[in-house]
Each structure stands twice: as structure tokens, then as C-alpha cells.
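Notes to accompany the following structure.
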Amino acid sequence: GCFVFKPSTKKRRSSEKTGHDFRSTSYDSEDTELRFVTCQSLWNQIKFETEQIQEDLNKQLLDNLVSFLSRSHSDFQEKTTKWTCRMKFREIPTAALVLGVNVTDHDLTFRGLSDALQDNITPYVALLEAKDCPGIKNLMQKLMGQLMNCDIEVDSMEDEDCVQVSQNRIRCSMPSLISWYESITKKTDPETPSKKRNSSSRHWQSPPVVVIFKDMESFTTKVLQDFIVISSQHIHQLPLVLVFGIATSPMIIHRLLPHSVSSLLCIELFQSLSCKEHLSTIIDKLLLTSRFPFKLGEKVLQVLINIFLYHDFSVQNFVKGFQLCIVEHFYSQPLSVLCCHLVDVKKRVYSLSHDQCENIRRLPSFRRYVEKQESGKQIELLTNDSFLKEETEKLLEDLHAYHENYVSILRCLHVFTSSLPKYPLGKQIRELHCACLENRVWETEEYESSLQLARMLNKTDLVTMLQQCVEILMSSSGKEFDKTVEKLKEFLTQFQNLEEASQEQDVSVSSQKELQKKTDLYHLQKTLLELKESRRSKKLTKFEMLRFEVVDYIDRLVRKYLVPASNRTLHEIVYFNAATVLRGHLNAAPRTALHTALNNPHWYLKNQALKCDGGGISNKAPDICIVYKLHLECGRLINLVDWLEAFSTVVMAAEEPNADAASSDQVDDIIHARFIRAVSELELLGFIKPSKQKTDHVARLTWGGC
């Protein structure tokens with residue numbers, strides 16, 4: 001087919017900068033509302049699934065913490081000998097929770113821990129952050145404020161260590177906290193249940209007070225020391241339990257606290273799941289599934305993984321990046337209305353307008369598909385919208401089936417490659433997934449080396465891998481794997497009935513003994529060459545032939561089902577491949593953004609009064625923008641007097657001269673003040689600094705364009 005598209009006469013610089021496809025259908029099409037609803041629905045599904053995954057992954061950790069806290073509480077509740085001994089030595093039960101360096105993910109874990117404790121153990125849980133606790137008074141204020149469910153109101157410096165509870169002011173101290181605890185536990189006695197807390201029956205009669213330090217490394221040593229020492233002196237009156245959130249290593253406890261203080265803690269260590277394992281689970285549940293029609297291209301997925309591995313190890317940020325890809329795809333792709341579940345495809349395809357059919361015909365993958373068809377079908381596809389819709393429905397159904405089959409075979413291939421030495425195709429399934437998305441994986445050297453290693457596997461490993469593949473394919477929703485499962489089961493039966501010849505073992509044993517006798521290098525090389533020739537001429541055993549047959553069959557499955565998604569027709573509808581746009585959103589370029597904001601404020605403010613062509617300076621622009629554009633015209637040193645005169649000229653350009661001298665002086669003072677403030681802001685942003693050479697000059701610090 002021959003495709004001719006006339007270029008637009010309008011400039012499209014804005015669309016190139018932002019990465020959006022500003023076609024007429026992006027904004028004014030009749031399906032905009034449907035695209036938004038589809039995007040929002042998919043967003044909510046992924047958000048719910050992510051929260052469920054994280055809850056399941058943290059369940060074991062939270063259960064262990066709840067068990068520890070309940071044991072600590074029961075010791076106090078029953079007044080056992082163990083608690084009496086702990087009272088004697090003034091030890092505070094402490095959980096050291098090592099969460100890793102992915103600090104942005106910690107909030108979700110602490111929120112889940114707080115909810116679990118309040119549901120099962122105690123209603124008295126306080127979460128403290130270092131930024132809110134610069135001193136021991138601030139810490140006690142936050143602690144008592146959260147425990148008493150009240151806001152802190154500080155009226156004066158003398159009462160800064162008090163909190164307002166109802167009409168009374170309570171001093172923020174440990175005796176006050178103990179008095180409050182004793183009074184509140186009496187009210188929540190099972191015989192006289194409290195009206196305020198209907199769930200008090202789930203808690204013990206004297207529930208513990210749990211204090212969670214979310215970021216222990218950020219707390220000052222003095223604050224921690226003072227709080228621990230004070231608490232240990234009242235541990236026999238208040239069942240206090242501490243939880244330290246640690247991002248680095250448990251050794252930080254002993255670095256922050258001297259032995260005299262750390263000895264007051266009865267510490268038990270808890271380790272959360274590795275963030276890499278967490279990411280692998282997220283990718284497995286969100287991307288390697290047919291439940292969600294939206295998919296990420298290889299380069300986009302690599303951008304998100306690189307940011308995770310080389311920047312923050314944050315699973316939350318990875319999910320936010322994934323959600324950003326969803327929004328960007330549905331915003332920029334007019335045909336994203338078809339990125340939906342299979343049950344909705346038919347209805348949406350047949351409701352497409354003529355313009356949307358033209359958008360389908362413009363897709364590069366669809367052009368390649370048309371070129372492969374016979375001439376009569378080409379004409380129908382390019383001219384008949386009804387025929388195009390029927391074909392589009394079939395192609396989208398094929399694309400959904402491709403995804404189902406792709407995931408199942410990918411998991412089977414991963415079963416083989418993950419057990420090989422040196423991991424030629426990577427240990428994690430995400431690495432294998434990226435390799436399959438990038439190009440034909442069977443054409444890579446890593447794949448060839450993986451096949452060679454697979455042809456050397458022993459019988460036990462092969463049987464285990466085949467059993468895992470059978471389980472994967474039987475649980476798959478793909479409809480094409482019945483014969484594949486039968487073939488794999490046939491291989492398993494052959495392995496079970498196979499008996500290896502004992503002659504081969506005898507030959508190998510005698511050869512090894514002969515090699516051990518040959519200590520001379522010449523004779524050793526000669527013997528090895530003879531063994532190599534004998535193996536070439538020797539007939540393969542039944543096991544070796546069957547092993548080769550299994551590996552070749554897996555290879556055929558890979559070549560059939562793991563074709564890159566970019567080779568599939570209409571893949572642009574469900575795959576987001578704009579890696580450059582995503583990188584521009586996620587990889588911050590503050591200098592470029594700052595230069596754009598100051599040099600062209602219209603770009604962000606969208607105010608027509610600020611629009612100026614030819615490099616001019618509008619007097620309607622903010623003062624800092626005027627000062628910035630003037631400073632770009634200067635050299636290394638800038639004379640403040642000249643700079644002020646230029647600023648005054650620009651600001652007064654549209655105003656009529658005032659004959660009143662007093663009013664003129666007042667206006668000059670206002671302009672002078674505005675100039676000083678703008679220069680100070682520019683200095684704060686790091687564009688200029690005071691010069692030691694001349695007192696009435698400032699030095700310019702930035703050069704070159706962005």
C-alpha cells in the first residue's frame with residue numbers, strides 16, 4: 001500500500017516539548033469522557049491491587065510484631081515473674097524494625113502496623129517523626145496529644161509543655177501520662193465499658209502504650225536518651241513498648257545510644273521483606289498478567305526499573321510512575337478508548353467514528369499489516385469503515401490471546417533460565433521480560449548460552465522443571481496449551497521409565513582414573529583430546545536424546561509465543577512506549593524548569609499579557625522575571641545601579657510620566673523596594689552572589705543556555 005499524509009502547516013513545537021499528541025481527537029473527540037472513565041477505572045483497580053499485594057507481603061512481619069507486643073503486654077497484665085524481673089532492671093520492651101533504605105515506603109508499613117495494633121492489641125498507639133520532636137518537650141507534647149486524641153495548643157512560652165484536653169490543661173510529663181493512663185484504663189474496665197470506645201472489649205484490661213519512632217536515625221541522641229531514661233524509671237507503672245523504625249542497620253541503636261541507655265531496652269529484631277523482592281512481586285502481579293489490558297513497553301519499563309535500582313528503591317514511586325504512564329497513555333493516545341477488557345472491546349470498536357478509524361489506519365503496526373494483505377483486502381481496510389471495525393475486533397482479540405500465551409510461556413522459560421548457573425538471561429523474571437520485549441530473545445547470545453547449559457541438566461532438575469511448567473500451563477487461561485501439556489506429561493512419563501545405561505558410568509569412571517594417573521601436561525592434553533573425539537563418535541544415550549528433545553521443544557514454544565509485542569498489530573493501543581516523555585516527567589531537570597519559568601513565564605502561567613515575541617521583556621511579568629532577563633544581558637560582574645535603572649525603565653514603560661515630584665519619589669521608592677526583593681530572590685536561587693571586588697556589584701554565577 002501507498003500511504004500519503006500531508007504535514008500540518010501549523011507549528012507543533014508545543015506538542016514536541018510536552019510529548020503529547022495534540023491531534024484534534026485528543027481534546028475535542030466525543031470519546032474523551034469514556035477515555036477518562038476507563039483511565040480512572042484502571043487506575044483504581046491497580047491501586048487496590050497494589051495495596052492488597054503490599055498488605056499480603058507485610059502480613060508475616062505485622063503478625064510477628066503483634067505477637068511480640070501481645071507477649072510484652074501479657075507479661076505486664078499477669079504480673080509474672082518475668083515482668084517483675086524486667087521491672088527490677090527497668091527494661092523497656094523494644095522492637096527494632098529494619099525496613100530498608102526505601103524510606104518513602106515506610107509510611108504504608110507503619111500505617112498497617114498501627115491499624116493492626118489498634119484492632120487487636122491496644123488503642124494507644126503514637127507515631128513520632130524526628131522533624132516534630134527536636135526536644136524532649138516537643139516529643140512529650142506529640143506523644144500525649146496523639147494518645148489523648150487532641151490537638152496541641154501552646155498559648156505561651158511558660159505553658160509550652162502543656163496540652164489542652166477538653167477544658168483542662170495537662171502538663172506534658174511522664175507522671176501526667178501515667179495518671180491519664182490509670183484513669184482511662186479504669187473507665188474501660190469490662191464491668192463498666194466506655195461509651196467512647198465500642199471496641200474496648202477486643203483489648204486487654206490494661207493495654208500497652210506503643211510508641212513508634214518512624215525514623216530513628218533522624219532523632220537526636222539527647223532526645224532518645226532522655227525519653228528512654230525517663231520511661232525506664234516509670235516502666236512499673238506504665239506498660240510502654242517502643243518500636244524503632246530503622247532504615248540502615250540495627251547497629252545504629254548502639255551508635256546513637258551509649259551502653260548505659262541501650263541496656264535499658266529489651267530489644268527484639270524484625271526484618272521486613274527486601275524491596276527488590278517486593279518489586280518483583282509487584283511486576284509479577286501488575287504487568288505479567290492478562291487481568292489489566294494496559295501494558296508497558298520495554299524502554300518505559302526499563303526507565304522505571306532504573307529509577308528504582310539507582311535512585312530510591314521505592315516501590316511506591318515505581319507504582320506512581322506506572323500510574324503516570326496510564327494517565328499519559330490515555331491522554332495522548334486517541335485510540336486508548338480501546339484499551340479495555342475483552343468483554344467491552346466489541347461494543348467500543350463498533351462505536352468508533354470515521355476519524356477514529358482514520359487514526360487506526362495511521363498506526364505503523366496497522367500499515368505493516370495492510371502491506372502484507374492481498375490487494376482486495378487492502379482496499380477494503382483503507383476505504384470501508386465497517387470492514388475495518390470487524391478486522392480491528394479480531395486483531396484486538398488476537399492481541400489479548402497473545403498476552404495470555406506470552407505470560408504463561410515466559411514463566412515456563414523463567415523456570416529453566418533461573419536454575420542455570422551464571423543466569424545468562426537474568427535471575428529475575430523482570431529481566432527476562434525486558435529481554436523478550438526488546439527483541440527476538442532467541443536471536444541473542446544469552447539465549448544460545450542458556451540452551452547450551454540447559455542441554456547439560458541432569459534428570460532430576462529436568463523432571464522438576466517440567467512439572468513446574470505443567471502446573472503453570474494448566475493454571476493458565478490460554479486455550480492453546482492442551483496439546484502442550486500433554487506433550488510435557490509425555491516427556492515426564494518417558495523420564496520415569498528411562499534407565500540410564502551403566503556402561504557410560506563405567507567409561508566415565510575409568511576415564512577419570514586415567515586422567516588422575518597422567519600428571520604430565522603432554523599426556524594430559526593427549527588424553528583429553530582422545531576423550532573429546534570418543535564423545536563425538538560415541539552414540540548418544542536415550543537420556544541425552546530425550547534431554548535434547550525437551551530443550552528443543554521448549555525452544556519451539558519460545559519462538560512461537562514470545563514474539564516481541566512491537567511486532568503485533570495494534571500494539572500501540574495497549575502499550576505505552578513514550579520513554580522520553582516519562583523520563584522528562586520523572587527525572588527532574590530543575591535548572592531547565594527554572595530557566596523556562598523566569599525567561600518565559602507565559603509557559604506556566606498561560607497569561608496572554610505575559611506573552612512576548614522576539615526576546616522582549618514585558619512590564620507585566622513578575623519582578624523576578626524582569627530582573628532575570630536583564631541579568632542575562634550582563635557579563636561576569638553586574639552594576640546594581642545600572643541594573644536598577646534598566647529595571648525601572650521596563651517597569652515604567654507603559655506608565656505616563658508624573659509631574660508631581662513627591663509622588664515621583666514615592667514611586668521610585670516602591671520600584672527600588674521591588675528591585676531589592678527581586679535581586680534577593682535571585683540570589684536565593686543561586687544565580688548571583690555579592691562581589692568582594694566591588695561593593696556596588698554582584699557576580700553572575702550561571703552561564704550558557706538550557
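Region 346-415: which chymotrypsin sites (Phe, Trp or Tyr not before Pro) are DSSP loop and have at most 13 other beta-carbon atoms within 10 angstrom? Spell out each step's value before the answer.
Values: sites: 350, 366, 369, 387, 402, 406; in loops: 350.
In loop regions of region 346-415 (DSSP not H, G, I, E or B), the sparsely surrounded chymotrypsin sites (Phe, Trp or Tyr not before Pro) are 350.
Multiplying the residue separation of residue 60 and residue 619 by 0.36 nm and removing their Cα-Cα distance gives an extension gain of 195.0 nm. Per residue, region 545-595 exposes 47 Å² of accessible surface when a 1.4 Å probe is rolled over the protein heavy atoms with every protein chain present.
Residue separation of residue 180 and residue 311 scaled by 0.36 nm, minus their Cα-Cα distance, works out to 42.6 nm of gained length.
With the Kirkwood sum run over all distinct C-alpha pairs, region 306-354 has a hydrodynamic radius of 13.0 Å.
In nm, what is the difference between 0.36 nm times the number of residues separating residue 320 and residue 341 and their Cα-Cα distance?
5.3 nm
Of the solvent-accessible surface of region 573-637, computed with a 1.4 Å probe and all protein chains present, 54% belongs to carbon and sulfur. With the highest mean first, a sort of the peptides 132-144, 294-306 on other beta-carbon atoms found within 10 angstrom per residue produces 294-306, 132-144. The order of the peptides 683-695, 329-341 by mean Cβ neighbours within 10 Å, most packed first, is 329-341, 683-695. Shown is the FRET efficiency for residue 642 and residue 380, computed with R0 = 51 Å from the Cβ-Cβ distance and rounded to the nearest 0.05: 0.10. Counted by Cβ distance under 15 Å from residue 691, the other residues give a net charge of +2, where Lys and Arg count +1 and Asp and Glu count -1.
The values are calculated or read from the model by the stated rules, or taken from the named source; none is laboratory data. As the structure is a computational prediction, the values presented were derived from the model and not from experiment. Quick reminder, even Gly has a Cβ in these numbers, built from the backbone with ideal geometry, and neighbours come from all protein chains shown. Heads up: the accessible areas ignore ligands, DNA and RNA and are worked out on the full protein's heavy atoms, side chains in. Shrake-Rupley method; radii C 1.70, N 1.55, O 1.52, S 1.80 Å.
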